[in-house]
1. Please verify whether residue 278 is in contact with a Pro (Cβ under 8 Å, 6 or more places away or on another chain), surrounded by 19 or more Cβ atoms within 10 Å (Cβ to Cβ) and under 23 Å from residue 65 (Cα atoms), treating the condition exactly as stated.
2. Among the candidates 307, 326, single out the residue that is in contact with a helix residue (DSSP H, G or I) (Cβ under 6 Å, 6 or more places away or on another chain), in a helix (DSSP H, G or I) and within 30 Å of residue 211 (Cα to Cα).
3. Could you list all residues from region 41-64 that are crowded, with 19+ Cβ neighbours inside 10 Å, without any contact (Cβ under 8 Å) to a residue 40 or more places away in the chain and assigned to a helix (DSSP H, G or I)?
4. If we keep just the residues of region 172-206 that are crowded, with 18+ Cβ neighbours inside 10 Å and part of a helix (DSSP H, G or I), which is farthest from the chain's Cα centre (by Cα)?
5. Sort out which residues of region 149-171 are closer than 15 Å to residue 115 by Cα and either part of a loop (DSSP other than H, G, I, E, B) or touching a residue at least 40 places away in the same chain (Cβ under 8 Å) (or both), and write them in order of number.
6. Among residues belonging to region 101-113 that are touching a strand residue (DSSP E or B) at 6+ places or on another chain (Cβ under 9 Å) and either surrounded by 22 or more Cβ atoms within 10 Å (Cβ to Cβ) or within 19 Å of residue 39 (Cα to Cα) (or both), point out the one that is modelled with the lowest pLDDT.
7. Within region 220-245, how many residues are surrounded by fewer than 18 Cβ atoms within 10 Å (Cβ to Cβ), closer than 20 Å to residue 92 by Cα and among the aliphatic types (A, V, I, L, M)?
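The values are calculated or read from the model by the stated rules, or taken from the named source; none is laboratory data. As the structure is a prediction and not an experimental result, all values here were calculated from the model. Here the Cβ is made from the backbone with ideal geometry for all residues, glycine too, and neighbour counts use every protein chain on show.
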Amino acid sequence: MSSKEEQAVTQSNSCSVQGTNDHSILSKHAMCKAGYSYDPFLQSFTLKSAPRRSPLINRGYYIRDQAVQISLHSFLKESTSDSAAKQIISLGAGFDTSFFKLSTQSNDTLSTVYYVEVDFPEVAERKRMLIERSDLCRSVIDTAERFTPTHSCVKLATSQYCLLGIDLADVSLLAEVFSSHTKLAMELPTLLLSECVMTYMEPALSSQLIQHLHSLFPCSVFITYEQVVPGDSFGLFMQSHFTKLNSSLRGINTYPTKQAQRERYLATGYNKVDVLTMKEVYDSLSLAEKNRIWKLELFDEFEEWNLKCYHYVLVLARSDASFTHLELLIDSFLQSSPCELFFHLYNIIMCLLGVVISFLILL
């Protein structure tokens, strides 16, 4: 294959990966419309109405959102330095709304946080335009001082927020822009967030990125959400699905298990690494929250739900043990809420009863 052909294939794959952002934001919007979560900012990034998703897909996006948001808020509670200042860098952020949701917190969360989002230049530019068109998003952006971008990669910059258009595979450009064209301070506690991003990169490139970021931010937490267990029937189906979308899961066979994920982050410099399945995250939720979820939609795909939860993990890699709130969070994830079996049996019975009643009504 010639260099031009390789470049064309790479560009095609990049466009397909960027397309996963559009699908994801619609699915998140559908999940919120079904009542699982509340996010008024999503509508600013969906140019068409969200199609209805199946209860299984809604639950999948719900538990993903729970895992990431709970971890993010635990990080914000940390006091690992003399200053309260912290940094969040969202890698492959797409149209994620976490920064805007933080603005709705009553405890003035954003006052001590500098939030940076990075994605492909085309995605970042689209996001900038959508932010500028949204009165709701601008009401958040305009509360901080705006800065004139000093680099073509900087799409939007304020004293609290920075939107960058950079290919994550270009670590040298990333480091240059971070150090010279943002307000990032390398010594501050920093959360590095990656949701279904590393797995679309060649493993060597993504590992280089992790290692490079850890060296730039020695006091950091790296939180990653992605797929594992490629070899069983569900894993093969999952891979086939993404391959058909021309966005193959490039990292899943190199890091196929929880242990492989753990060893990966240890090898790139992190000293403490825990890897949790979405099943462990879901089991840690309160009974009240689970009961709320059960009441939203009729649900009977229990086997598929458990399989899905076992095939997605949350990696929590820490530079050291000083992140005490995250340590407590990990302990809570590993402890199922009480009366778990009773709760599941109760809801299965209620679900079956609902089906029987519906059938009798039709008769």
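1. no
2. One residue alone meets the criteria, 326.
3. Across region 41-64, the qualifying residue is only 61.
4. 181
5. 159, 160, 161, 162, 163, 164, 165
6. Top of the filtered list is 110.
7. So the count comes out to 1.
For every residue, the table says whether it meets (1) β-branched (Val, Ile, Thr); (2) in a helix (DSSP H, G or I); (3) within 23 Å of residue 18 (Cα to Cα); (4) in contact with a strand residue (DSSP E or B) (Cβ under 7 Å, 6 or more places away or on another chain).
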position	(1), (2), (3), (4)
236	no, yes, yes, no
246	no, no, yes, no
264	no, yes, no, no
276	no, no, no, yes
279	no, yes, no, no
282	no, yes, no, no
285	no, no, no, no
299	no, no, no, no
